[in-house]
Amino acid sequence: MGTPLPLTLPDTAALNAAAASFAGLTAKLDYLSPTDAEQVRLAYRFADEAHLGQLRNNGEPYITHPIAVASQCAEWKLDAQALMAALLHDALEDCGVTKTELIEKFGSPVAELVDGLTKLDKLQFNTREENQAESFRKMLLAMARDVRVILIKLADRSHNMRTLSDVPRSKWSRIASETLEIYAPIAHRLGLNQTYRELQDLSFQHLRPWRYAILSKAVAKARSRRRDLIQKVQKEVEATFADAKMPVRIAGREKTLYSIYKKMTSKHLSFAQVTDIYGFRVLVPTVVDCYTALGMLHQLYKPVPGKFKDHIAIAKLNGYQSLHTTLVGPSGVNVEFQMRTEAMHIVAESGVAAHWLYKVNNPGDAGSDRLGTKWLQSLLDIQDETRDAAEFWDHVKVDLFPDAVYVFTPKSQIMALPRGATVVDFAYAIHSNVGDRTMAARINGEQVPLRTELKNGDVVEVVTAPVSTPNPAWLGFVRTGRARSKIRHHLKTLAQTESEGLGGKLLTQALRSEGIERFPDDDPAYAPIWDKLLRFTGNKNRQELLTDIGLGKRIANIVAKRLVNLLTEAGERPDALLLTRERFTAHESPSLGSITLDGSENASVQFAQCCRPIPGDEIVGYLGRGEGLVVHVHDCAIAKKLQHKDSERFIGVDWADEPVRAFEVNLIATVNNGKGVLAKVAAALAAAEADIIHIDMGQEAAQDATDLRFIVAVRDTAHMEVALRNLRRTASVLRAERNKGASPG
């Protein structure tokens with residue numbers, strides 16, 4: 001968009017020119033209803049007032065730019081809302097007009113279109129890599145949830161390119177490069193062939209002015225040299241179709257300067273070697289006529305082998321359909337022919353806009369069934385059903401790239417992620433180390449939770465900390481396979497490391513029970529003993545054996561007994577005094593000794609959810625098969641069942657004097673149902689400094705007396721008693737106690 005310049009003196013001539021240019025736009029609005037045309041006129045008046053006193057770089061009133069953009073949209077036969085948005089598209093950014101003001105005056109749809117255009121304008125494409133250009137194009141398309149936003153944006157860019165010579169030369173390269181890499185391919189993607197060709201040539205003209213001038217002269221010379229030849233071909237072709245009584249419309253087609261330049265550079269050709277500069281379009285009534293015309297042309301001139309393409313049977317992604325063939329004309333000059341119907345021609349020139357345009361010009365025409373691919377065909381079906389402009393565009397408000405979301409890193413690099421991806425997915429997409437150490441995040445400068453879903457155009461910044469590690473809860477909301485596998489891998493590695501440590505502890509204690517004080521270390525003298533022990537257990541190495549003991553896959557005292565036998569064979573005797581002392585411990589399983597727990601154990605120790613033990617409880621440890629150490633309250637019903645079946649897997653466990661974290665416990669409160677009861681109960685727990693982790697009120701309809709089940713985090717049994725005492729003192733609470741039987745979560 002051109003930057004508005006302040007106007008110092010009223011310029012009557014310029015204002016007259018603006019009015020005259022709006023008269024030119026009015027002439028193109030004959031396809032709109034009188035009401036819609038009046039709405040466009042109102043938008044023009046509003047924009048004219050908003051831009052009053054602003055000039056473009058060439059000295060014209062600024063309003064000439066929005067009028068030119070709206071005129072292009074009118075040529076595409078876009079609806080009144082789109083034309084109004086085209087006229088108002090700079091008012092939001094440059095004139096201090098607010099979105100609310102636009103909604104009040106012109107309605108929400110128009111304001112949304114203008115807002116969408118303003119958002120696209122704020123995006124700056126500032127990297128030159130090819131894949132980044134592709135990502136940027138996709139992001140623009142994804143951000144424009146309404147295809148009209150892109151169409152108005154392309155009309156805006158076309159007018160800016162036509163007037164680029166008025167802009168300081170230092171800006172040419174950036175604007176022309178951006179147009180060539182971003183906007184021209186979008187025009188092509190949407191099937192706007194005319195706009196695509198124009199944007200390419202205008203970009204080429206400003207990026208390589210010298211080459212453009214030379215090539216332009218060469219094409220003009222070739223045109224005059226070959227004029228007779230082209231006229232001869234045209235007469236012969238017209239005569240052939242006249243003889244066959246087939247109604248056709250033949251038009252000349254010239255390759256654009258940029259496409260000639262691109263062909264010369266990519267294939268290392270001289271200008272003389274580019275043979276398909278000139279060609280013809282043959283427009284026929286029906287699809288069958290396209291193939292008939294092809295056969296007639298192949299009888300008239302010899303086709304060049306390998307130069308035939310059928311884009312009717314297999315249409316291009318943007319809906320383009322035509323038959324292409326290259327023939328050897330008079331004097332051995334190659335001439336390209338394109339056969340298509342009128343409907344196909346409109347799509348080839350105007351793409352997405354063509355569907356609306358074609359319906360306006362040919363209501364109920366059966367030929368429209370052949371327009372475009374599935375994506376475009378679905379738009380036609382909608383039009384057939386509704387015949388209503390507003391409803392049609394409402395259906396077109398879909399992302400053109402629905403499965404991806406495009407976001408920026410703080411350094412303006414674009415990242416494409418699946419829709420629904422979160423901050424954590426973004427962090428792992430950058431690098432697994434960034435993901436593993438993610439602690440917090442900011443989106444567009446604001447602090448957000450890690451589970452926040454990303455939106456198109458977000459600038460995402462991840463805050464990392466060396467001490468931070470992946471949280472198992474992340475697995476509940478990440479979307480990408482990469483993030484999921486990295487989190488799982490880290491947690492698995494962590495669990496193995498902790499299980500190995502626990503296994504070492506258990507084996508050491510089991511050895512002490514057998515009278516061996518010193519654990520056989522990495523001393524080479526012990527290597528043969530370890531080899532024999534690993535053959536006995538079937539493990540690959542010592543780490544794997546200790547991990548298996550920690551996970552409960554092997555019983556520590558059985559491994560210890562075998563190790564003691566091997567040590568005895570090697571001449572190392574058990575210490576009788578240590579043996580006697582260890583035998584008379586207070587624990588029920590004297591052969592295993594006892595383990596001290598302080599809450600810092602992560603994956604290797606689990607606190608059973610059936611009874612949720614807390615410091616102060618008498619506890620027992622069960623070495624589950626593959627689960628590591630599971631801690632139960634000693635009188636837990638499930639623990640008693642396991643003890644009956646698997647007594648050798650139980651070991652003694654004790655609480656450390658000062659646990660390092662809070663532990664979860666189940667509480668149940670029976671309350672008189674009434675207004676504000678839950679708030680009172682929550683306040684009582686908060687007063688006791690007990691954090692509520694989970695609340696369950698059951699599925700049944702509320703009774704006079706209802707059970708509230710809580711999971712609460714407490715330091716120990718004394719802290720839990722304080723929380724229960726607070727609950728019992730609360731009005732409406734009939735009873736409050738610990739629930740060792742079941743978990744509410």
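The values are calculated or read from the model by the stated rules, or taken from the named source; none is laboratory data. What you see is a predicted model; the values in this text were computed from it and never measured. Please note: Cβ atoms are built from the backbone with ideal geometry, for glycine as well, and neighbour counts cover all protein chains shown.
Go through the residues of segment 700-710 one by one and say whether even a single one is on the phi > 0 side of the Ramachandran plot, within 46 Å of the chain's Cα centre (by Cα), not aromatic (Phe, Trp, Tyr) and not assigned by TED's automatic domain parsing to the domain that holds ILE549.
No: zero hits.
Right, GLU664: among the charged types (D, E, K, R), at pLDDT 90 or above and within 44 Å of the chain's Cα centre (by Cα) or not?
Yes.
Right, ILE312: of a type in the set (Val, Ile, Thr), in a helix (DSSP H, G or I) and either surrounded by 13 or more Cβ atoms within 10 Å (Cβ to Cβ) or out of contact with any strand residue (DSSP E or B) (no Cβ under 6 Å at 6 or more places or on another chain) (or both) or not?
No; evaluated as a whole, the condition is false for this residue.
Restrict the check to segment 484-494 and report whether at least one residue is in a strand (DSSP E or B) and in contact (Cβ under 8 Å) with a residue 60 or more places away in the chain.
No - not one qualifying residue is present in segment 484-494.
Would you point out which residue out of GLY445, GLY476, GLY420 is of a type outside the set (S, T, N, Q), surrounded by fewer than 18 Cβ atoms within 10 Å (Cβ to Cβ), closer than 25 Å to VAL149 by Cα and modelled with pLDDT of 80 or more?
Every option except GLY420 fails the conditions.
Tell me whether segment 429-439 contains one or more residues that are at pLDDT below 80, hydrophobic (A, V, I, L, M, F, W, C), out of contact with any Leu (no Cβ under 6 Å at 6 or more places or on another chain) and in a strand (DSSP E or B).
Among the residues of segment 429-439, not one is at pLDDT below 80, hydrophobic (A, V, I, L, M, F, W, C), out of contact with any Leu (no Cβ under 6 Å at 6 or more places or on another chain) and in a strand (DSSP E or B), which makes the answer no.
Find the residue count for segment 649-666, including only residues that are surrounded by 13 or more Cβ atoms within 10 Å (Cβ to Cβ) and out of contact with any helix residue (DSSP H, G or I) (no Cβ under 7 Å at 6 or more places or on another chain).
9
Quick test of your reading of the structure: VAL467 fulfils all but one of (1) surrounded by fewer than 20 Cβ atoms within 10 Å (Cβ to Cβ); (2) among the aliphatic types (A, V, I, L, M); (3) not assigned by TED's automatic domain parsing to the domain that holds ASP548; (4) not in a loop (DSSP other than H, G, I, E, B). Name the failing condition by number.
Failed condition: (4).
Please name all residue pairs, on different chains or six or more residues apart, with Cβ atoms under 7 Å, provided the first residue is in segment 264-290 and is charged (D, E, K, R) and the second residue is assigned to a loop (DSSP other than H, G, I, E, B).
Within 7 Å, the pairs are ASP276/LYS255; ASP289/MET246.
Out of VAL335, VAL328, which single residue is crowded, with 16+ Cβ neighbours inside 10 Å, β-branched (Val, Ile, Thr) and under 24 Å from ASP228 (Cα atoms)?
VAL335
Could you please find all residues in segment 309-338 being modelled with pLDDT under 80 and under 34 Å from the mean Cα position of the chain (by Cα)?
ILE314, ALA315, LYS316, LEU317, ASN318, GLY319, TYR320
Across segment 42-79, what is the number of residues that are of a type in the set (Phe, Trp, Tyr), in contact (Cβ under 8 Å) with a residue 60 or more places away in the chain and in contact with a helix residue (DSSP H, G or I) (Cβ under 6 Å, 6 or more places away or on another chain)?
Summing the residues that are of a type in the set (Phe, Trp, Tyr), in contact (Cβ under 8 Å) with a residue 60 or more places away in the chain and in contact with a helix residue (DSSP H, G or I) (Cβ under 6 Å, 6 or more places away or on another chain) in segment 42-79 gives 1.
Could you please find all residues in segment 21-40 being of a type in the set (A, V, I, L, M, F, W, C) and assigned to a helix (DSSP H, G or I)?
Matches in segment 21-40: PHE22, ALA23, LEU25, LEU29, ALA37, VAL40.
Run down ALA176, ALA239, ALA244, ALA220 and say which single residue is surrounded by fewer than 20 Cβ atoms within 10 Å (Cβ to Cβ), out of contact with any strand residue (DSSP E or B) (no Cβ under 8 Å at 6 or more places or on another chain) and over 25 Å from ARG340 (Cβ atoms).
ALA220
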